[in-house]
2 protein chains.
Amino acid sequence: MSTLESFLCGRWVSGAGRPATLVNPSTEEPLAEASTEGLDFGAALEHARHRGGPALRAMTFGERGALLKSLASAVHAKRDELLDLAMRNGGNTRGDAKFDVDGAAGTLGAYAELGASLGDARALLDGDAVNLGRSSRLAGQHVLTPRHGVAVHVNAFNFPAWGLAEKAAQALLAGMPVITKPATATALVAHRMVQLLVDSGALPDGALQLVTGGAGDLIDRLGSQDVLAFTGAGSTGMMLRGKVNLLAASTHVNVEADSLNAAVLGPDVERGSDTWDLFVADVVRDMTQKTGQKCTAIRRVFVPAAMLDAAQEDLADRLSACRVGNVLADGVTMGPVSTAAQLRDARAGIERLAASGARVVLGGAAAVQGVGAPEGKGYFVAPTLLRLDDNTRGDDVHEHEVFAPVATLIPYGSVPEAVALVHRGGGSLVSSVYTDDRAVAAEVALGVASSNGRVCVVSAKVAGAWLGPGAVLPQLLHGGPGRAGGGEELGGLRGVSLYLQRTALQGYGPLLEHITAGARRVG
Amino acid sequence: MSTLESFLCGRWVSGAGRPATLVNPSTEEPLAEASTEGLDFGAALEHARHRGGPALRAMTFGERGALLKSLASAVHAKRDELLDLAMRNGGNTRGDAKFDVDGAAGTLGAYAELGASLGDARALLDGDAVNLGRSSRLAGQHVLTPRHGVAVHVNAFNFPAWGLAEKAAQALLAGMPVITKPATATALVAHRMVQLLVDSGALPDGALQLVTGGAGDLIDRLGSQDVLAFTGAGSTGMMLRGKVNLLAASTHVNVEADSLNAAVLGPDVERGSDTWDLFVADVVRDMTQKTGQKCTAIRRVFVPAAMLDAAQEDLADRLSACRVGNVLADGVTMGPVSTAAQLRDARAGIERLAASGARVVLGGAAAVQGVGAPEGKGYFVAPTLLRLDDNTRGDDVHEHEVFAPVATLIPYGSVPEAVALVHRGGGSLVSSVYTDDRAVAAEVALGVASSNGRVCVVSAKVAGAWLGPGAVLPQLLHGGPGRAGGGEELGGLRGVSLYLQRTALQGYGPLLEHITAGARRVG
């Protein structure tokens, strides 16, 4: 069995101690081992701070964009190999694997273009210069410059390729060196990706390091110029954000956590219309793509009470066609969840939702024999639709995410009631409203905005072009308030700003112009 | 003795239990009492969320700007009364008091103008719409809308008027109701200000509440749509930010903490030049204004080694003219620190700096009899200049702020060495460089930017117009990384964005235009 090494201080190294075992979640066959015990994370941080940081800061945004372009090419060149690893180690169907791997290359490419558009700049101007006195002698100018520390990225198991790439793209473009830590259970893809990126020769020494396995004391060693970006369970994000050294140093921490994303079917939408079909397709896609293991997936489906039966019927009909099993077997359309722990949590979660007032109308928590999987093996969950008839009940439906192919149908009476129900999620990455009524679109979109990082307005006009709310695009903000972690990633330069310090320069106007000559105006 | 009431749920109320006593720090005479024990903060939060929030969100930015204008007028109309309270309860000289009270009215006025400039908008557009596909059908548009919670403001003892006003201006302009809590020891000014603001009749019910005394369980009751903004000691900021409910709900917390702000005298500056004089004036002003109790005050003074004796001589000469005493007595130019605890901390801090390698060259930790103060009474500290000859020593000089009229002179060899020494502060609100050499200005300003929220470039060209680095302006960012708390206030709309949720809207382009019609493009 192969051992997955970490890449620290310019070398591939392996830890001592008892390793973790990575398996194929369709079959439970072991695939590889990884350990980081005894590795020197202090040295890795210093390597990033003293080699990677200065090298990246010496480059212009344009040069860092070119670096990202090389990385995108390196990923794309080995696409098939990465897809194969994702299918074996992640339980991804080939379509799921493309979503992850192509998303990685695409996001690197988008930030490469953004870098190119910023050209020779090494600093960014945040807004225009402002006069501070009656004369123009005294001026102010806000600038953005790279933080002088390390960006530590702790990624989730569900998107090993994209998670690594989207975070690295933003930090590297800003001029910060990266230490990336994929979730160990599905680290094969991230490990191979870092091999490819390192072998590309495009990266300055110390610009990218990889931790394959436990993070040891890495996080405990971060300080005021460092950044921690985490994607994963809210409870882990809370634990990380509460670390004393991070609180003491005001270390910038970005958290993207699972949330109870909502879909609202407008009262105007008729069964069988284009907009109805978009709604059904989105809910089904979000439940089954990646076996429902997307932080952006729809979990709460709000439907006008009169349409609840029809919605249930059409969703159940489509979901019943899903073939659950070994992703390498013919005809399988949905794989397993990624780990044994996820399987346990999913089953317990379905039971918890049911106990809180919802009832299972399709699927459920029972064991599933996957098509093409060894008898009794593999972490399979049936697509599971629940229904909460009394929308005043079911606190858990709004508060407990089941990270699996699970969603709950909930009726509503009026549009304001639907808006209030969306807010009960306590903060989401994304919510969507399906309507062709402009007034409903505006009422829901603006009404739920304060609880959401992104709001999709889905109407018949976008049929054919629509990718669903679960697709995260580099141009748009990814992150949300409250339960979703309160973070902001992507959205073009918005996510890059996590790695930049905003500073107001104050002084004689022409002198400030001299100091900031070559900086690029943004925002 | 008068009792200072809190203003909660539209009524002036007082707590039970043993009250805190507010004193005159020049004489130690009791002035008033305050207690919040038993007050219902849960009801106050609900009042803000259900009355103040909806009322403010129903207003346009322009209407909220007009509200701020009324508040500015209310403060200005009672300026003399507020100055008198600040002198008696804060130990402020009349000049110090003006700095606080006029700063309050000025900041309210600046945000009133900003609101007027945003006119009829209720939402802001963050950047332009972007196309998301090959056609223009699918578009994205980032919007900023008010969070649906409460802004809780915990302010420092040193700027009771300005602290209240600058935070309230930003939150109210954003459309969030405020519960403001001044430091109890110097709450007379804030208490009177809220009386004036309430009596102005300009505030919607629930838009502004006041806690005079302990905060009880107020902070423990905050959730995902609320905001906490704190100014004060870093240790308190850390404690607040680490509260489990805030971590769990990803509540947005902004911290402005004391920091070790630096001044760097450029190697080109000759003794007696205009720039030299600006440097000496700034250090002396920052040490003595507000008795050195400004979070932006210069604490570390970096001087070319060859100029160290001259700088010490000129600073000591100016500081020796300072007359410390009862601010109501004739000829007094510097008052006491504000509390007995501050006095203890200041004396202990001077001794700590001295023990870390610096030596006292003026003033010191000994007791001071204030001019015009009762024998042995009042919290007086002598202006105290230290000198650290060996700049490789003195960790405490870079890490321990003495919040009093205290600064340390430190020699440097080369400009890169000066830049590295500035970074040793671990993050500051503001640093300044005094130079007429453009290359030095650029090297220091951009070199220290990542450790500073603001950098002042002070040259002969600004003589006459210059206010010093300690003056915080509404147009420029206030806040800094690391030790300074990692927060961002002011800077025009930058500080307002703490109270706004950024949301990406995604859908059919013309429909998004309809939804955001009337919103104002910013950033």
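Here are the numbers:
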{"read-out": "Inter-chain Cβ neighbour average for residues B:122-134, partner chain, 10 Å", "value": "3"}
{"read-out": "Taking the convex hull of Cα positions in the range B:49-182, its mean projected area over all directions (nm²)", "value": "9.8 nm²"}
{"read-out": "Cross-link pairs A:167/B:243; A:167/A:243; A:243/A:290; A:181/B:181; B:243/B:290 - those with Cα-Cα distance over 30 Å", "value": "A:243/A:290; A:181/B:181; B:243/B:290"}
{"read-out": "Label spacing, shortest first and in nm, from residue A:55 to its equivalents in the remaining copies (7 angstrom along Cα→Cβ)", "value": "6.0"}
{"read-out": "Förster radius 56 Å - calculated FRET efficiency between residue B:29 and residue A:268 (Cβ-Cβ, nearest 0.05)", "value": "0.20"}
{"read-out": "Inter-site label distance for residue A:400 and residue A:1 at 7 Å from Cα along Cβ, in nm", "value": "3.3 nm"}
{"read-out": "Label spacing, shortest first and in nm, from residue A:37 to its equivalents in the remaining copies (7 angstrom along Cα→Cβ)", "value": "5.5"}
{"read-out": "Spatial separation of Cα centroids for the range A:207-259 and the range B:377-409, in angstrom", "value": "34 Å"}
{"read-out": "Length added when fully stretched, residue A:417-residue A:392, from 0.36 nm per residue minus Cα-Cα", "value": "7.9 nm"}
{"read-out": "Environment charge at residue B:373 (Cβ cut-off 14 Å; Lys +1, Arg +1, Asp -1, Glu -1)", "value": "-1"}
{"read-out": "Chain B: calculated mean residue ellipticity at 222 nm from DSSP helix runs of at least 4, using -39500 (n - 2.57)", "value": "-11000 deg cm²/dmol"}
{"read-out": "The range B:381-523 shape via C-alpha gyration tensor axes, a/c threshold 1.5", "value": "prolate"}
{"read-out": "Positive minus negative residues near residue A:90 (Lys, Arg vs Asp, Glu; Cβ under 13 Å)", "value": "+3"}
{"read-out": "Teacher prompt: residue B:376 distances to equivalent labels in other copies, 7 Å Cα→Cβ, nm", "value": "8.7"}
{"read-out": "Net +/- balance of residues flanking residue A:401 in space, Cβ distance below 12 Å, scoring K and R +1, D and E -1", "value": "+1"}
{"read-out": "Shielding by other protein chains, B:440-449, mean Cβ within 10 Å", "value": "5"}
{"read-out": "Cα Rg, Dmax, the range B:387-467, angstrom units", "value": "13.2, 37"}
{"read-out": "Accessible-area value, residue B:496, 1.4 Å probe, nucleic acids and ligands omitted, Å²", "value": "0 Å²"}
{"read-out": "Estimated distance in nm for a label pair at residue B:136 and residue B:306, the labels positioned 7 Å out from Cα along Cα-to-Cβ", "value": "6.4 nm"}
{"read-out": "Inter-chain Cβ neighbour average for residues A:213-226, partner chain, 10 Å", "value": "2"}
{"read-out": "Computed accessible area, residue A:461, all protein chains, 1.4 angstrom probe, square angstrom", "value": "110 Å²"}
{"read-out": "Label-zone membership for the range A:328-367, site residue A:316, 7 angstrom Cα→C-beta point, backbone N under 20 Å", "value": "A:350-367"}
{"read-out": "Occluded residues from the range B:237-266, i.e. those whose accessible area drops by 40 Å² or more once the chain is not alone (1.4 Å probe)", "value": "B:238, B:241, B:247, B:250"}
{"read-out": "The range B:269-325: C-alpha gyration tensor shape, a/c 1.5 cut-off, then a/b vs b/c", "value": "prolate"}
{"read-out": "R0 of 56 Å, Cβ-Cβ distance residue A:355-residue B:330: FRET efficiency to nearest 0.05", "value": "0.15"}
{"read-out": "Distance in nm between pseudo-label sites at residue B:73 and residue B:128 (7 Å out along the Cβ direction from Cα)", "value": "4.0 nm"}
{"read-out": "Residue-level accessible surface for residue A:37, protein heavy atoms, 1.4 Å, Å²", "value": "110 Å²"}
{"read-out": "Separation of alpha-carbon centers, the range A:452-472 and the range A:270-317, rounded to whole Å", "value": "13 Å"}
{"read-out": "Efficiency of FRET between residue A:37 and residue A:239 - r from beta-carbon atoms, R0 22 angstrom, step 0.05", "value": "0.60"}
{"read-out": "Euclidean distance of C-alpha centroids, the range A:164-182 and the range A:72-123, integer Å", "value": "13 Å"}
{"read-out": "Rounded if a/c under 1.5, otherwise prolate or oblate - chain A, Cα gyration tensor axes", "value": "oblate"}
{"read-out": "Volume per residue that the Cα convex hull of the protein assembly as shown spans, once the total is divided by residue count, Å³", "value": "155 Å³"}
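The values are calculated or read from the model by the stated rules, or taken from the named source; none is laboratory data. Everything numeric here is computed off the predicted structure, so don't read it as measured data. Quick reminder, even Gly has a Cβ in these numbers, built from the backbone with ideal geometry, and neighbours come from all protein chains shown. SASA here: full protein model, heavy atoms, side chains in, ligands and nucleic acids out. Shrake-Rupley method; radii C 1.70, N 1.55, O 1.52, S 1.80 Å.
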